[in-house]
Every structure is written in structure tokens, then in C-alpha cells.
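Everything below concerns the one structure shown next.
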Amino acid sequence: MKQFFLFCGVAALFMCGMNSCKSNQALAKIENSEIEVAIPLSGSAYQSDAEYWRVVQEGVSPDMSMAKKVAMQNARQELAATIRVQVRAVIDNYGKNMAVTENIEVTNMYEEQAYTVIDQTLAGAELAGEKLFRLGNGNYRYHVCLQVGKQYLEEQLMKAFEDEANLKAAFDKAQFKKVYDEQMKAFQESKKQ
């Protein structure tokens, strides 16, 4: 009788061990599997190119309109940062070419004027795409792509520099356009690599 109980106990331990191994194998299969997730607004139509700066951002909220506001705000902030970096490089290169970098006050006036134009331009940024998802927990996730035309910004910058009395006398429109175009081309080439 003792042998029977001993045999049953060993058999029970063996069966538990087998079940434990099977569940670990199933868990390993789940952990090692990969699922590709589609990223909304990720195609080439939503990336910066020679004509436009574009950014894609998202916002999540239980309120649909708040999700959209968060996404739009995030997109404007990223777009502003991207454009400011590029425009600052244009102004720095233009200043070096025109020998105005020695006069820090003039360089600062160019930058201030440029940032004002950028802020005004971002207020009218175009909506290039949007997608809305309702999540399992009831929240909304809103994806948005905003764009700003590079040529439009160039025209607005040149107009602002020509209209500013302190900059008008020293402003060389042709030289600025040349530097602007070179910087935008260099930026585009760096994105391709």
C-alpha cells in the first residue's frame, strides 16, 4: 500500500512538472513572437521634404477634443523647434557671409525678427493629415500631421527683414535667398541619409 501511495505521489509530481514545462513553453512562444504595429501617418507624404517641414504628433485624453488639442500643441512645438534650428543656421551663415556677425546686436535683431515670423507662420500651419482612435479603456488617441511651406516662410522672412528699419539698409535679399536655399538643401540631404 505504501508503494502504491509512493507511486501515486511520484506520478502526481511528474504530471505537475510536465504541465509546468508546457506552460513555460507557451509563455516563451508568446514572449518571442513579434507583431508589427502600423504607425499612423508614417508614409512619405507625412515627412519633411524639399517643399514642406512636416511633423507628426499625438495626443491622448478621455475627451476627444482635448486629445486633438494636445496633439496639435505637441505638433506646433516640434515644428517650431525644427524650423528655429534651420532658420538660426540660415541667419548664422548669412551673417558670416555678410560680415554682420561681428555686430551681435544686428544678428540678434535678425533672430528676433525671424522668431516672430516663425510664430506667426505656425499659427497658420496646414493640417496635412489626421487620424482618431478610440482605445480599449475609453480614451481617444488623436494623430496629426502639420506642415509649413519652406518657400512661404522664406518669403515672410525676407519681407520682415525688408520692413524692419534697422535691418533694411544692410539686408541683401539675393544673398539671403542663396543662403536660405543652400541650408534647406543641406537639411533635406541630411534627412535622406
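Using only the Cα atoms of the stretch 44-192, what do you get for the radius of gyration and for Dmax, in Å?
Here Rg and the maximum Cα pair distance are 17.9, 61 Å.
Determine ³J(HN,Hα), in whole Hz, for all residues of the stretch 180-189 in sequence, where each value follows from phi through the Karplus function 6.51 cos²θ - 1.76 cosθ + 1.60 and θ = phi - 60°; x replaces Gly and Pro.
4, 4, 5, 5, 5, 5, 5, 5, 5, 5
For the stretch 103-190, please report how many Lys pairs fall under 21 Å Cα to Cα, leaving out neighbours fewer than 8 apart on the same chain.
Going through the stretch 103-190 pair by pair, I get 13.
With an 8 Å cut-off on Cα pairs and a minimum separation of 6 or more residues, tell me the relative contact order of the stretch 44-192 in percent. Please report the intermediate quantities before stating the final value.
Values: 207 pairs, mean separation 48.0, N = 149.
Reported relative contact order: 32 percent.
Tell me which of L157, Y52, Y180 sits at the most positive position along the dipole axis of the stretch 44-192, charges placed on C-beta atoms (Lys, Arg +1; Asp, Glu -1).
Towards the positive end, the residue furthest out is Y52.
No lab work stands behind these numbers, since they all come straight from the coordinates. Keep in mind that what you see is a predicted model, and the values were worked out from it rather than measured. Because the Cβ atoms are built from the backbone with ideal geometry, glycine has one as well, and the counts that use them run over all protein chains shown.
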